[in-house]
Every structure is written in structure tokens, then in C-alpha cells.
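Worksheet for the structure shown next.
The values are calculated or read from the model by the stated rules, or taken from the named source; none is laboratory data. It should be emphasised that the depicted structure is a prediction, and the values quoted were computed from it without experimental measurement. Cβ coordinates were reconstructed from backbone atoms using ideal geometry, including for glycine residues, and neighbour counts include every protein chain displayed. Heavy atoms of the whole protein, side chains included, go into the accessibility calculation; ligands, DNA and RNA do not. Shrake-Rupley method; radii C 1.70, N 1.55, O 1.52, S 1.80 Å.
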Amino acid sequence: MPQVNIGVLISGSGTNLQSLIDNIEKGNIKGTIKVVISNRRDAYGLERAKKHGIDAVYIRQKDFESFEDFNKAIIDVLKAHEVELVVLAGYLKILTPQFIEEYKNRIINIHPSLIPAFCGKGYYGIRVHEEVINYGVKISGATVHFVDEGADTGPIIIQEAVEVAEEDTAESLQAKVLKIEHKILPLAVKYYCEGRLQIEGRRVLIKE
Ligand code: GRF
């Protein structure tokens, strides 16, 4: 089976990116990361990419007149690398409708809660886990989903839960959830690369 060309967008430390790199190097995923793009110069994920011989590109929004142009620049880099699947691994900007149209049903995101709880505009980073603790829910988790025009609204591919313990802080919960993220993001990408994900309305079926 041919390899799927993957592009990963990041804004930060890139531990999810690392989990993809590790799984690809182990031969678990029939894909190749062609390029890693960050909107932040100091994102450690760029270093992780370079260490593994992957093209690492920093694109600064300020260099463009509009948000649309900034997004077009990202699309251009993805196209230059012949990317077929875009993975958002801790990428903290929204995508323009043009971007989503260009890669329709070919963009995957990881979110650190059980969607549709604790998601949408403003829910990112440690904030998600603070809200989870403050609300007092007993279970949280992570979700991998396809990206559509909304914020965290696209069809769900995989979810996994963790227990919120009484002694948990936002930080300890974040660490627990990250462990799950590092498992389900590579798994979703593996399924995608094997052509096993079938979208039917809001539901994603995982074929044998
Ligand atoms: C993860 O919690 C991810 O779910 C969220 O941003 C965080 C990124 O972490 N979207 P990392 O950069 O992969 O370490």
C-alpha cells in the first residue's frame, strides 16, 4: 500500500507530533511526515522535526496582510510537499474556510477533552483542564476528530476517557490526558492511512 504524505501543524512543544514520528519509525503507520509547520518560531516541535530529518517551517502571521493570506501560505507549503493528510497537533489557530475546503475530510485534530464537553472557542491548553476540574466532572479524556468549519465540531474518530481523581489538579489531569492523546492520535492517523475511516454524516466508521 502506498504511503500517505502527512503535514503536521503545531504551535508548541509537539509531544503529539513526537508520538506520530515514533509510530511511523516503528512502522505502525503507513505514512510519511513531509513537513511540520509552526506559527511560532520557538515551538519545540520544530526541533523535534529537524532531529528526525523532517522539513520544519515557521510561518509568521504578521508577515501577511490578512489571515486568509497567512493560511494560503500554509496551504502553499503543504502543496509543495504534496501533503494529502493534515494533522493539527496542538495548533492553536483556526483554519480559514478555504483551507478546510482545500483539505476537506483530510484534516485531523486532537482535543484534550471528551467532545462535545469542554471544547469550542477559547478551550485550549491548560484552560480545558481547569474548566474540567472546576466543573467537577468525574470523567474527562481526549478526542480525535475530522475538522470542519466549526470549532471542534467535526466527525469524531476516536475518544478515550480518564478518571478525574479528587486529588487531580489541572496539571496532573493534563498529563494523564496527554498519555491518552499519544495513543489515540497515532491510531487515528494509522486508520486514515490504511483507508479504513468512512465518514457517514456525523459518524466515522472504522472498517476492518
Ligand atoms: C494537546 O493537549 C492537544 O490536545 C492540544 O494541544 C496540546 C498540544 O500538546 N490541542 P503538544 O504540543 O502535542 O505537546
Task: Accessible surface, per residue, of region 152-208 when the full set of protein chains is kept, probe 1.4 Å, Å² - done: 56
Open item on the list: Charges on Cβ only, +1 for Lys and Arg, -1 for Asp and Glu, centred on the Cα centroid of the chain; of V164, L78, V204, which one is farthest towards the dipole's positive end?
Closed with: L78
Open item on the list: Charges on Cβ only, +1 for Lys and Arg, -1 for Asp and Glu, centred on the Cα centroid of region 1-104; of I29, F67, Y91, which one is farthest towards the dipole's positive end?
Closed with: I29
Open item on the list: For a Förster distance of 30 Å, can you work out the FRET efficiency between the beta-carbons of Q98 and Q3, rounded to the nearest 0.05?
Closed with: 0.65
- [ ] Could you tell me what percent of the accessible area of the chain is made up of carbon and sulfur, with a 1.4 Å probe and every protein chain present?
- [x] 49
Open item on the list: What number comes out for accessible area per residue over region 1-104 if the probe is 1.4 Å? Units Å², please.
Closed with: 49
TODO: Could you calculate the contour length gain from A161 to R41, that is, 0.36 nm times the residue separation minus the distance between their Cα atoms, to one decimal place in nm?
DONE: 39.9 nm
Task: In region 37-92, the GluC sites (Glu not before Pro) that fall in loop regions by DSSP, at most 11 other Cβ within 10 Å - done: E65, E82
Task: DSSP-assigned coil residues among trypsin sites (Lys or Arg not before Pro) in region 13-94, each with at most 13 further Cβ atoms within 10 Å - done: K26, R41, R60
- [ ] Decide, for region 35-122, between rounded, prolate and oblate: order the square roots of the alpha carbon gyration tensor eigenvalues as a ≥ b ≥ c, take rounded if a/c falls under 1.5, and otherwise choose prolate if a/b is larger than b/c, else oblate.
- [x] rounded
TODO: Specify whether the C-alpha gyration tensor of region 9-75 places it in the rounded, prolate or oblate class, a ≥ b ≥ c being the square roots of the eigenvalues: rounded for a/c under 1.5, otherwise prolate if a/b is larger than b/c and oblate if not.
DONE: prolate
TODO: Take R202, R127 and sort them by solvent-accessible surface of the protein heavy atoms, 1.4 Å probe, largest at the top.
DONE: R202, R127
